[in-house]
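The values are calculated or read from the model by the stated rules, or taken from the named source; none is laboratory data. Because the structure is predicted, anything quoted here is derived from the model rather than measured. In this analysis, Cβ positions are derived from the backbone assuming ideal geometry, glycine residues included, and neighbour counts consider all displayed protein chains.
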Amino acid sequence: MNEQNAREAANLGAHVKQLRQSHGLSVRQQAARAGVDATWLSRVERGVYTRPDPRLLWQLARALDVEVADLYLTAGYGDAHGLPGLAPYLRAKYQLPEEAITQMAAYFDFIAHRYSNQKGEPDGRNHDHTS
């Protein structure tokens, strides 16, 4: 575990614990409410997991009445723009197999590149429809 991952795990744990306690719930009560294992939740709160399962974080965020993106960012699943990356979102929202996530991410990159070229960057195609 590198230093940044350890810091993120500790920050996530402290944040989740504070949220749970603000609801007046025990670990077992919060786990039941979120549909996650109490041992998993306890380990998250203690900073044991450097990359907790995004699907379980999604369930936990919903049960804690917080934005899923907040927990993702605290857990280190963010990108340079402050939003969660596509892969953790797809895992949490749709519970897709890893192969499907990889394919969707590749297709998204293709589409993003294609449309970024239409913002005035030359892409080798003739966009002049006047002829």
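Structural remarks
- Condition check for GLY76: crowded, with 16+ Cβ neighbours inside 10 Å, on the phi > 0 side of the Ramachandran plot and at pLDDT 90 or above: no
- Sub-6 Å Cβ pairs linking a first residue in the range 38-57 that is more than 16 Å from GLN95 (Cβ to Cβ) and among the polar types (S, T, N, Q) to a second residue that is at pLDDT 95 or above and part of a helix (DSSP H, G or I), at least 6 apart or interchain, are SER42/VAL27, ordered by first then second residue.
- The range 94-115 - residue that is of a type outside the set (S, T, N, Q) and within 16 Å of the chain's Cα centre (by Cα) and, of those, surrounded by the most Cβ atoms within 10 Å (Cβ to Cβ): ILE101
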